[in-house]
Amino acid sequence: MAKIVGTITTSHVPAIGGAIAKGLQSDPYWKPFFDGFPPVREWLAKVKPDVAVIVYNDHGLNFFLDKMPTFAVGAASEYRNADEGWGIPTVAPFRGDPELSWHIIESLVADEFDIVSCQEMVVDHAFTLPMALCWPDQKWPVRTVPVVVNTVQAPLPSARRCYKLGQALGRAIASWPKDEKVVVMGTGGLSHQLDGERAGFINKEFDLKFMDSMIDAPDWATKYSTVELVELTGTQGVELLNWMVARGTLPEKVSKRQANYHIPISNTASGLMVLEPAA
């Protein structure tokens, strides 16, 4: 049976791609952010996952405001990255795992989640940059399954619904009959707002409480409505819903392997965590 070895939750700011391309990892502005990842890579080298299930939000490259599914799962044999207009170099294609994808889709639908099944998908920076941060040689040693959550256009799924999706996703992976190891990645956030009167808004106090809750009280954020989460974290900070899905795939008791928090990265509070099931 398949086993979830742990979760990685991290920010996916487009500017990270520019910093990587320009070799700015040791630049004083970027160093506190990039310094969080060597322990992540060491952990990955130790656990050696076969598959990465990546929970993220699409930014218009694959879905747009005219067609915005609440939840979607990729079921392609390959996922390509395309130019988004940020000036980020595109990366090599990612291997998919259609057999596992369809197992997940069928399991989620049986668990009463209405999933959009995507036999063709392009993936944007929310998918590619966390992968590049974890495997900087960009040779992608894992097969991938994209899971897309709408954090862009109302109505958004609630934090409770996203946590339940994560629990269902965990059950789906655990019921996969192949003896494989899976890492689940949740990308986005933390608090930030890129537009409107509150542009530049960051809520460090809430971010740190949320990161603590990921360890000891994973349903803590479910007490907030999506409107309240936007008020607390900013218009784009609600991307923490992707973290909720990833956390839901793990049992209640977990161990923290790595955590990092840094502001600002392109007007964004950057969070990073690695959690694994408690021994």
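Each reported figure results from applying straightforward, stated rules to the coordinates on display, with no laboratory input. Here the structure is a predicted model, which is why all the values come from computation and not from measurement. Note that we place each Cβ from the backbone using ideal geometry, even for glycine, and neighbour counts take in every protein chain shown.
So the values come out like this:
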{"quantity": "Restricting segment 186-227 to trypsin sites (Lys or Arg not before Pro) in coil, as DSSP defines it, with at most 15 other Cβ within 10 Å", "calculated": "ARG198"}
{"quantity": "Over 18 Å (Cα to Cα) - which of LYS46/LYS181; LYS67/LYS164; LYS48/LYS139; LYS3/LYS48; LYS139/LYS256 fall in this group", "calculated": "LYS67/LYS164; LYS139/LYS256"}
{"quantity": "Charge dipole of the chain about the Cα centre (unit charges at C-beta), most positive-ward option of SER225, ILE16, VAL184", "calculated": "VAL184"}
{"quantity": "Least to most buried among MET244, MET121, MET1 (fewest other Cβ within 10 Å first)", "calculated": "MET1, MET121, MET244"}
{"quantity": "Three-way shape label, the chain, alpha-carbon gyration tensor, a/c 1.5", "calculated": "rounded"}
{"quantity": "Three-way shape label, segment 225-272, alpha-carbon gyration tensor, a/c 1.5", "calculated": "oblate"}
{"quantity": "Neighbour-limited loop hits for GluC sites (Glu not before Pro), segment 201-279 (at most 11 other Cβ within 10 Å; DSSP other than H, G, I, E, B)", "calculated": "GLU252"}
{"quantity": "Kyte-Doolittle mean at least 0.5 and Cα axial length at least 15 Å: DSSP H helices in the chain", "calculated": "98-110"}
{"quantity": "Sequence of TYR56, TYR79, TYR29 once ranked by neighbouring C-beta atoms within 10 Å, starting from the fewest", "calculated": "TYR29, TYR79, TYR56"}
{"quantity": "Signed unit charges on C-beta, dipole axis of the chain, positive-most listed residue VAL274, GLN153, CYS118", "calculated": "VAL274"}
{"quantity": "Residue (of LEU65, PRO38, LEU169) at the positive-pole extreme of segment 3-277, dipole from beta-carbon charges", "calculated": "PRO38"}
{"quantity": "Cβ-placed point charges (K, R +1; D, E -1), dipole of segment 3-277 about Cα centre in debye, nearest 20", "calculated": "700"}
{"quantity": "Loop trypsin sites (Lys or Arg not before Pro), segment 99-193 (other Cβ atoms within 10 Å of the site Cβ: 13 or fewer; DSSP)", "calculated": "LYS139, LYS178"}
{"quantity": "FRET efficiency, 1/(1 + (r/R0)^6) with R0 30 Å, evaluated for ARG95 and ALA21 via beta carbons", "calculated": "0.85"}
{"quantity": "Built amide H within the under 5 Å cut-off of SER191, gap 5+", "calculated": "ASN203, ALA269"}
{"quantity": "Contour excess over end-to-end distance, with Cα ends at LYS67 and ALA199 and 0.36 nm allotted per residue", "calculated": "44.9 nm"}
